[in-house]
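To start, the structure under review is shown below, and the notes come after it.
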Amino acid sequence: MACVELAGSGDEPGSMDDNVIETGKELARVLKGRLVVFHAFDPMTAIGHAATWAVKPELLPGDALRRKLRDAQSDVLDRFAGRHGLPADQRLLKSGSVRSTLPGTVTELHATVTILGAVGGRDDRNGRGRIGSTAESVMDHIAGDLLVLQPGS
């Protein structure tokens, strides 16, 4: 399973998400497996943003807004996965944070390898490298192997 963020990846080739997908495709080929691309989005962030910018007090159409957000995320995922030649049955969109949806999805799909992109850095306190907060938060909760790609890898 290849986990992509899609925020900011747009149509720029060479993005972290592109690297995650291409690595996943190669692993699936070598291991004779099936690649599934996974994207999670948190609609509450967008709903909160909409509420913050409301000019006058009004009831936000929560269900309609959630559907609109899901449709928009689905379109982005479809364009991205289509660009990489992945058919619809190999695309998985979940509503919720990666931290809350990824571990259960890995178990549900019986994924043996999960690939994440991460932007980590140096921890100034002890000089050790970090792999990224999302990867660190899910690594103990994922069954199977976790491959974390960082920029330049």
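Peptides 138-149, 95-106, 25-36 ordered by packing proxy, namely the average of other Cβ atoms within 10 Å per residue, highest first: 95-106, 138-149, 25-36. Between residue 68 and residue 25, the distance separating the two model label sites (each 7 Å from Cα on the Cα→Cβ line) works out to 3.4 nm.
Read-outs throughout are calculated quantities, based only on the coordinates presented, and are distinct from any laboratory measurement. Since this is a predicted model, take the numbers as computed values, not measurements. Cβ: placed from backbone, ideal geometry, glycine included. Neighbour counts: every protein chain shown.
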